[in-house]
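The values are calculated or read from the model by the stated rules, or taken from the named source; none is laboratory data. Quantities reported herein were computed from a predicted structural model and do not represent experimental measurements. With ideal geometry, Cβ positions are generated from the backbone for all residues, glycine too; neighbour counts draw on all protein chains shown. Each accessible area value is taken on the protein alone, full model and side chains, heavy atoms only, with ligands, DNA and RNA left out. Shrake-Rupley method; radii C 1.70, N 1.55, O 1.52, S 1.80 Å.
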Amino acid sequence: MSDKFISIEGIAKRYPGAGGATTTIFENLWLSMTRGEFACVIGHSGCGKTTVLNILAGLDAPSEGAVIVDGQAISGTSLDRAVIFQSHALLPWRTVLGNVAYAVSSKWRNWDRAKVRAHAQTFIDLVGLSGSEHKRPSELSGGMKQRVGIARALSITPKMMLMDEPFSALDALTRGTLQDEVRRICLETGQTAFMITHDVDEAIYLADKIFLMTNGPGAVLAEVVENPLPRDRGRTDLHRHPLYYALRNHIIDFLVTRSKTFVAETPGHDPRNVPVVQIGKPGLSIAAGSDEPRQTWMPGTSPGLSA
Amino acid sequence: MTSSLRLRAGLVSIVLLAAFLGIWHIATRSTGATTTMSPEYAKLMGLTATQGKSAMPGPLDVGAKLWEHLKRPFYDNGPNDKGLGIQLAYSIARVGTGYLLAVLVAIPLGFLIGMSPLLSKALDPFIQVLKPISPLAWMPLALYTIKDSSVSAIFVIFICSIWPMLLNTVFGVASVRKEWINVARTLEVGTIRRAFTVILPAAAPTILTGMRISIGIAWLVIVAAEMLVGGTGIGYFVWNEWNNLSITNVIIAILLIGVIGMLLDQILARFTRMVTFPE
């Protein structure tokens, strides 16, 4: 943890409630990421995941604490941190090219039209939308719209990408393809990515690190799970990895039971030193032990768990 | 399927129009000689007395007169006898001037109010009080301060068309989707550029709907305003022809007011469609 690229330091978010009381969504949240890392946050609705992302993006300000990106405390939004919105948030009066070019011309204000268009085109090609440049968002399918959202985010060559459940509104097949695309692009460009998701398999496939958050209000970051799967994992044989089910079960157990009881059961939890869970490494792991038998499952014998 | 529906609807419209004209014709036609009187006296009395003809003109009279007007729309025989084209042009010019002035004030002001919650709250009581005032109630005040009847009519158009545009602009600007604003924010787009590249296009359909409501109200009000200020315009024409007891001309004017109002509405409707994009 020597080279922290992103460091969230003790942030809190409070809203004024009824009768002068304040509602604390979360407080004293510490979290860090290294450059080029892909992190996913998993937690139930209302735990403040989106608020954390908005604070990282600069769209929202923390009530306490600070966020440091690349050695600088952030204040407000920045072109270094691109956001991919859940609802794609394309401007419907602009074409595909127009939407991407809007971002490009916002970053490089003195570029001429031709240069902006050429740059935008590169990123449209990258997400596989060549030929649809002059369509308006209403003429695109949900998956294509989100591809435009990705192209727009990438086109400003950000230092990191923030994704708020970017694929949750898509059908399973499109979601899979887009996950592949995002993974490929992030690996190729060495992007640091922070993604919120509800989909455990999505997190396992994409993330290097998975942050588990307990239920809100008063949510805490319970554990950081390191993904034991190799970096060059493939979608098709992901579930054959010996540690896949141990990891998946650990996360699901957390979501089903421990996310509710974690705070009460772990009185000594130190938010500054959140336990790092390394599945499959004895001594360090918390949950792998109980799932030992499952690791020996043979490929293709796991009925109905492909999700 | 849709074309056949349109065809059938068109047929029904024609049948209804024919029925209306037929009933109108029968109701106002001559019933034949009523009383015998000397030809000279009969000439003085006119067809109403001699042939039992209704004082209300029939569709054929109106048609003939309309044709006469359409043949010479722009003649000018002095203050009380101008072609219908000239009268309509006066009215359209007044509506256009007042309306454009209202656009110039309402849209920038609406933008400011929509973007600033403080201004929005501060100006709300004034707008709420001024909005329901009948535009014609301003007329005496306008005549007294402006001292020119023609300009006063333009002022009345201005004051009546400003409110729907202002309120729709405020609403449109204030309810731009948060995500679109956030897109601009994450791209570090400045306030001015954001206003023109995100808020204006996003609010445009709502603003144009306000403009469409306004042009309708302006066209309603101009007739009444011109009846008061007199001199020129289609409203004055209606009142003048009433004083002349030329019901035929009054009916023609009513018809034309309707047609022009429809055209103005259609123009704005087309503009609204041009700036509306489905998501």
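For chain B, modelled as a GNM whose springs connect Cα atoms under 10 angstrom apart, the maximal fluctuation among B:L104, B:L84, B:L268 occurs at B:L104.
Using Cβ point charges alone (K and R +1, D and E -1), the dipole size of the stretch A:81-157 about the Cα centre works out to roughly 220 debye. With 22 Å as the limit, the listed pairs A:K13/A:K107; A:K145/B:K178; A:K49/B:K121; A:K159/A:K209; A:K49/A:K260; A:K260/B:K178 have A:K13/A:K107; A:K49/B:K121; A:K260/B:K178 beyond it between alpha carbons. For the stretch B:241-247, putting each phi into the Karplus relation 6.51 cos²θ - 1.76 cosθ + 1.60 with θ = phi - 60° gives couplings of 6, 5, 5, 7, 6, 9, 4 Hz, in residue order, rounded to whole numbers and with x for Gly and Pro.
Of the options A:Q146, A:F123, A:V100, report the single residue whose Cα projects farthest towards the positive end of the charge dipole of the stretch A:81-157 (beta-carbon charges: Lys, Arg +1; Asp, Glu -1). Farthest along the dipole direction, towards plus: A:V100. Within chain A, what percent of beta bridges assigned by DSSP are antiparallel, to the nearest 5? The antiparallel fraction comes to roughly 50 percent.
Using Cβ point charges alone (K and R +1, D and E -1), the dipole size of chain B about the Cα centre works out to roughly 640 debye.
Between amide H atoms placed 1.01 Å from N, distances below 5 Å from A:Q86 occur with A:D164, all of them 5 or more places distant or on a separate chain.
Atom-type composition of the exposed protein surface of the stretch A:81-157 places 50 percent of the accessible area on carbon and sulfur (1.4 angstrom probe). Applied to the stretch B:169-178, the Karplus parametrisation 6.51 cos²θ - 1.76 cosθ + 1.60 on θ = phi - 60° returns per-residue 3J(HN,Hα) values of 5, 4, 5, x, 6, 6, 10, 5, 3, 3 Hz, with x for Gly and Pro. Taking all protein chains as they are arranged and a probe of 1.4 Å, the heavy atoms of A:C186 leave approximately 10 Å² accessible to solvent.
For the stretch B:84-275, the average shadow cast by the Cα convex hull is 12.0 nm², which is a quarter of the hull's surface. With distances taken between every two different alpha-carbon atoms, the stretch B:55-181 has a Kirkwood hydrodynamic radius of 17.8 Å.
Working note: 222 nm ellipticity from helices only, DSSP H runs with n ≥ 4, each -39,500 (n - 2.57), summed and divided by the residues of the protein assembly as shown, gives -17000 deg cm²/dmol to the nearest 500. What percent antiparallel are the DSSP beta bridges of the protein assembly as shown, to the nearest 5? Rounded to the nearest five, the antiparallel share is 50 percent. Selection among B:Y99, A:M160, A:V220 by position relative to the dipole of the protein assembly as shown gives B:Y99 as farthest towards the positive end (Cβ unit charges, Cα centre).
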